[in-house]
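The values are calculated or read from the model by the stated rules, or taken from the named source; none is laboratory data. The structure presented is a predicted model; accordingly, all values stated were derived computationally and were not measured. Here Cβ is always computed from backbone atoms with ideal geometry, including for glycine, and neighbour counts include all displayed protein chains.
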Amino acid sequence: MLSHEKLLEILAKSGASYKFSNDDATKSFKEMGMDSLDVYSFFTEIELELGIKIQDQDIPHMDSFAKIYEYVSNRIS
Amino acid sequence: MISIRAISSFIPSSSIDNLEQALTFEVTESFVFGKIGALRLPVADERDLASDLAYQAVHALHVNHGLVLDEIEALAVVTQNPDLGGLPHCSAVLHGKLGLQAGVACFDIGLGCSGYVYGLSILRGLMIEANLSNGVLCTSDQYSRIIDRSDRNTSLLFGDAATATWLSRDGCFDFSSPILETLGSEREALCLSEGKLAMNGRKVFDFAAIKVPAQINSLLEREEIDSCDIDLYFMHQGSAAIVNAIARRFPGIKERFLLDIERTGNTVSSSIPLLLEKYLFSIATNTAIISGFGVGLSSATNLLRRI
């Protein structure tokens, strides 16, 4: 079972330097000020930490923390 | 022992202002500084071919380091943009332009960003096999010719450059056996499409951020060296984001991963020798890791040691 805290820890390891609040979960990454490479870096870190492969075709749908959480939770459950 | 004796380079004087270019794509200044890292992208004169850029780099080796052109016995050119599509091979064209004697082994290596690491070992292998004393490994690419200037993914990254590395029996840096890998199933992540470069940025980023640290660790393990005992890490300068993503895997020594692409951008197979020319020969450097990765998707890593 993936916890929010674990995913936040992965986000921090990906090099993200901003403070994440609960309100941010449903904001788009763009609204949070993350650029495309911040998001790539987050995906890479998820793949390394959780041992899953994020497919290219799934990426356009994962534009917020909440959506990534849902996607990853489904993949590892 | 065949080893690295000296390195020279040629960077075209004309260049693109990357901040200005970024505005046309609505890319922010902070993204250019922090993620791309290149403020200027050198562009070769449209009359200059890969052999012309390489000529300038070899000439600099002659002027700055005393390479006697008549003593060159092997000449290799790493390029993906050879003159006339590679027929005749670019190294033969360069041989002619330099006016070298006939007894020179010339060949091209058609690799991208991993090409320099491959090239060192290929040229050394040939020199040992043919009992040669002086060889020159050139890297030369003008990606400006194959960039679609309306493509944001590639326009902001690549610069033109050439380098020349002198391998000889009395060099100062030896190199080990490389680790070489290819992921051909992902080759379309970086390839030509209708004559222009197309890149799946996420796949290339993923490949570099995962594969390269693993390859470096494999090499360190094989050589029985701790990562802290390496003075400098010379990564292919794909972008600031890629170099930083690799460096993050080595906490505590991140600052040893050099990043210096402000004036050059990603110069493909030239990026490692450009860095080596600038930083390897300082007195404080005794051991270094070089790692090239990109087109293929191909990756290559090796260890350099001061003799």
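Below are the figures for this structure:
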| read-out | value |
| --- | --- |
| Residue match in region A:16-28 (condition: free of Cβ contacts under 8 Å to residues at least 24 places away in the same chain, outside any helix (DSSP H, G or I) and small (Gly, Ala, Ser)) | yes |
| Residue, nearest to the other protein chains (Cβ to nearest Cβ), within region A:29-54, restricted to residues that are of a type in the set (Val, Ile, Thr) and assigned to a loop (DSSP other than H, G, I, E, B) | A:ILE54 |
| Subset of region B:231-257 (residues that are over 20 Å from B:GLY112 (Cα atoms), surrounded by fewer than 24 Cβ atoms within 10 Å (Cβ to Cβ) and not aromatic (Phe, Trp, Tyr)) | B:ASP231, B:LEU232, B:ASN244, B:ALA247, B:ARG248, B:ARG249, B:PRO251, B:GLY252, B:ILE253, B:LYS254, B:GLU255, B:ARG256 |
| Qualifying residues in region B:84-121 (those that are among the hydrophobic types (A, V, I, L, M, F, W, C) and closer than 25 Å to B:SER176 by Cβ) - the one surrounded by the fewest Cβ atoms within 10 Å (Cβ to Cβ) | B:PHE107 |
| Region B:281-307 residues that are within 27 Å of B:MET199 (Cα to Cα), paired with ones that are part of a strand (DSSP E or B) and acidic (Asp, Glu) (beta carbon under 6 Å, 6 or more apart) | B:SER299/B:GLU181 |
| Filter result (of a type in the set (S, T, N, Q), within 14 Å of chain A (Cβ to nearest Cβ) and either in contact with a strand residue (DSSP E or B) (Cβ under 9 Å, 6 or more places away or on another chain) or outside any helix (DSSP H, G or I) (or both)) within region B:192-227 | B:ASN200 |
| Of all residues making up region A:64-77, the number that are in contact (Cβ under 8 Å) with a residue 12 or more places away in the chain, within 18 Å of A:GLU9 (Cα to Cα) and of a type outside the set (A, V, I, L, M, F, W, C) | 4 |
| Hits in region B:262-294 (condition: among the β-branched types (Val, Ile, Thr) and closer than 23 Å to B:ASP229 by Cα) | B:ILE272, B:ILE283, B:THR285, B:THR287, B:ILE289, B:ILE290 |
| Of all residues making up region B:258-280, the number that are without any contact (Cβ under 8 Å) to a residue 60 or more places away in the chain and surrounded by 24 or more Cβ atoms within 10 Å (Cβ to Cβ) | 1 |
| Residue pairs meeting the criteria (Cβ under 9 Å; at least 6 apart or on separate chains; first more than 9 Å from A:ILE10 (Cα to Cα), in region A:42-53; second of a type in the set (Phe, Trp, Tyr) and part of a helix (DSSP H, G or I)) | A:PHE43/B:PHE205; A:THR44/B:PHE205 |
| Region B:243-256, residues that are over 22 Å from B:ALA162 (Cα atoms), within 14 Å of another protein chain (Cβ to nearest Cβ) and not in a loop (DSSP other than H, G, I, E, B) | B:ASN244, B:ALA245, B:ILE246, B:ALA247, B:LYS254 |
| Criterion: surrounded by 12 or more Cβ atoms within 10 Å (Cβ to Cβ) and at positive phi - qualifying residue of A:GLY15, A:GLY51 | A:GLY15 |
| 1 or more residues closer than 24 Å to B:LEU190 by Cβ and more than 19 Å from the chain's Cα centre (by Cα): qualifying helices (runs of 4 or more DSSP H) within region B:89-172 | B:152-155 |
| Hits in region B:20-43 - residues which are assigned to a loop (DSSP other than H, G, I, E, B) and free of Cβ contacts under 8 Å to residues at least 24 places away in the same chain | B:GLU26, B:THR28 |
| Set B:SER15, B:SER51: member being away from chain A (no Cβ under 14 Å), more than 30 Å from A:MET34 (Cα to Cα), of a type in the set (Ser, Thr, Tyr) and under 22 Å from the mean Cα position of the chain (by Cα) | B:SER51 |
| Breaking point among (1) within 12 Å of chain B (Cβ to nearest Cβ); (2) buried (at least 16 other Cβ atoms within 10 Å of the Cβ); (3) polar (S, T, N, Q), for A:SER64 | (1) |
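For every residue, the table says whether it meets (1) modelled with pLDDT of 95 or more; (2) in contact with a Pro (Cβ under 9 Å, 6 or more places away or on another chain); (3) farther than 30 Å from B:ARG248 by Cβ.
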residue: B:ASP141; (1), (2), (3): yes, no, no
residue: B:ASP160; (1), (2), (3): yes, yes, no
residue: B:THR165; (1), (2), (3): yes, yes, no
residue: B:PHE173; (1), (2), (3): yes, no, no
residue: B:SER177; (1), (2), (3): yes, no, no
residue: B:THR182; (1), (2), (3): yes, no, no
residue: B:GLU186; (1), (2), (3): no, no, no
residue: B:MET199; (1), (2), (3): no, no, no
residue: B:LYS203; (1), (2), (3): no, no, no
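Matching residues to (1) surrounded by 15 or more Cβ atoms within 10 Å (Cβ to Cβ); (2) over 23 Å from B:ILE109 (Cβ atoms):
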| residue | (1), (2) |
| --- | --- |
| B:SER133 | no, no |
| B:GLN142 | yes, no |
| B:LEU167 | yes, no |
| B:ILE210 | yes, yes |
